[in-house]
1. Whole-Hz Karplus ³J(HN,Hα) for segment 32-44, in order, using 6.51 cos²θ - 1.76 cosθ + 1.60 and θ = phi - 60°, x for Gly and Pro?
2. With θ set to phi - 60° and the Karplus curve 6.51 cos²θ - 1.76 cosθ + 1.60, what are the ³J(HN,Hα) couplings of segment 48-61 in order, to the nearest whole Hz, using x for Gly and Pro?
3. Counting other C-beta atoms within 10 Å, which of 289, 183 has the fewest, and how do the rest follow?
4. Could you give each residue of segment 328-339 its phi-based ³J(HN,Hα) in whole Hz, using Karplus coefficients 6.51, -1.76, 1.60 with θ = phi - 60°, and x for Gly or Pro?
5. On a C-alpha basis, how far is the centre of segment 31-97 from the centre of segment 420-480 in Å? Whole number, if you could?
6. Taking the Cβ of residue 367 as the centre, find all other residues whose Cβ is under 12 Å away and add up their charges (Lys, Arg: +1; Asp, Glu: -1).
7. What residues qualify as long-range amide H neighbours of residue 221, i.e. H under 5 Å apart, gap of 5 or more or another chain, H built at 1.01 Å from N?
8. What does the C-alpha gyration tensor say about the overall shape of segment 361-465? Classify as rounded when a/c is under 1.5, otherwise prolate if a/b is larger than b/c, or oblate.
Amino acid sequence: MTFTAQDVRIPSIFKELPALRDLLVTQTSTVQDETVEKCLPFLRGTDGSLRDNVNVHGLAHLLRDRHIEYLYDSLEDYPETFVSLDASRPWMSYWALAALALLGEDVSKYRERVISTLTPMQNEKGGFGGGHGQMSHLASTFPAVLCLALVGGHDAYKLVDRKAMWVWLGRLKQPDGGFQLVIGGEEDVRGAYCAMVIISLLNLPLDLPPEAEARQHGLRTFVSGLPEYLSRCESLFFGGQSSILTKVTSGQTFEGGLSGKPSAAEAHGAYAFCVLACLCILGKPEDMIMKYMDVPLLLSWLSARQYAPEGGYSGRTNKLVDGCYSHWVGDCWPLIQSALRGTPRETDSVPPPDTCLYSREGLARYILNCCQNKLGGLRDKPGKTKAMNRQPDSYHTCYTLTGLSGLQHHHYHNGADSSVTGMFASAFSWRSISIKVSSTAGPDQDIFDDVDRLASFHPLFTIPHKSADAIHRWCEDRPI
Ligand code: FPP
Ligand code: K
Ligand code: ZN
């Protein structure tokens, strides 16, 4: 199809400065203004790097082959200066394999390599370290298990010593209901989310092992006190950078977001996803989110994370858009919308998509126009500043694409559909369908060309639905 620049339809909200502007100039407003200035030529499709690559809606096409090339390359050698990444090897593997799977690549060809990479990282006493000889940590065990699920197959699944994993996780369970990430180390909601993903995918027993110290405090299972712990993570602070936090005084309401731990801390999108996804592993969203969250306040905070004209999300109040929050913040929406909608009646096999509480179009514009590097890979945001060189990396490539896939699909769960029974029935009953993303400029039209669509991910496990089902089924057949 040929069209002239005049034909391109971009709603003004995504190409003009906001109509209402606060005239107080601060360091925060200055960097915000600089960010908008950087993004505008990309959003308008006029930046040279987008030349000949926008559709009639002004949306850049997905540079699929270049991203695939970039990700394959990210799995090869690194120079010495990258030595600090040695503690993140399971993450490097996960980000690349997950993003490749979203782009339609078959990652099962990496089975042998994943097995040989992860084998030396598993510790006898359970769990995986981030590299050879390192202590087991939930932030490395989580991506390790997801990599095994992604490549799939008997040889990958059987690598995990599930009995030792169960015992190790028992030692991480804390009297307040949460989980430490490493024995004797920090405790926050990443621990709770990573632990429950591992327990549910590997179908580990819910009872705490007999030797778990949490038993001395009256806890019996991995779930004991957990939803209450998560509900205490609603932020009691009113935002800004951590150095300028203002404690809420009486009369002010709290911010409504979710923080990393119950002791008052700043609300952040990455922790919000951990809290909500963990609650949805424990039960149906309409039960768990409605019961344990203050939904109206959460909606207000989450809505405030999406900016215009940029269209992308920030992770916290008064901070800048960043492509990775397309997942951490953006993928909170399907969980919340599902909580508000409730489980569909058994007669509606696919419930109709909701009135969307966020702008799918805005997020798509930010990801495709502002985050793609023309040589491959996706980034936090455009521009080069003295403070930070906005180059792509596999973390941002993975999470911008996860967010893009999230907005291209309608996620729903259907209790009647799950072959899994018990505690995790709801977690394994999520389904999705590809949906049309319409534009405010032409509401009847899909802004996506078919070639720019990604595969769907399970909204709680961030791997394909079939990968989550397959590892779980394999483990169900082999009780420990
Ligand atoms: C602030 O970074 C970032 C955080 C406080 C949390 C980051 C955590 C995650 C991204 C993932 C956690 C989840 C799991 C499952 C391990 P910043 O100050 O550089 O960014 P900001 O300005 O956007 O807040
Ligand atoms: K950031
Ligand atoms: Zn980021």
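1. Once θ is set to phi - 60°, the couplings for segment 32-44 become 5, 4, 4, 5, 4, 4, 5, 7, 3, x, 6, 5, 7 Hz.
2. Result, ordered by residue: x, 5, 9, 3, 6, 10, 10, 8, 5, 8, x, 8, 5, 6 Hz.
3. By the 10 Å Cβ count, ascending: 183, 289.
4. So the J values, rounded to whole Hz, are 4, 8, x, 7, 6, 4, x, 6, 5, 5, 5, 4.
5. Spelled out, the Cα-based centre of one part sits 23 Å from the other.
6. -1
7. Here 208 satisfy the definition.
8. Because a/c hits 1.5 or more and a/b fails to exceed b/c, segment 361-465 counts as oblate.
Every number in this text was worked out from the coordinates using simple rules, so none of it is lab data. Every value quoted in this text rests on a predicted model; they were computed, and no experiment measured them. Quick reminder, even Gly has a Cβ in these numbers, built from the backbone with ideal geometry, and neighbours come from all protein chains shown.
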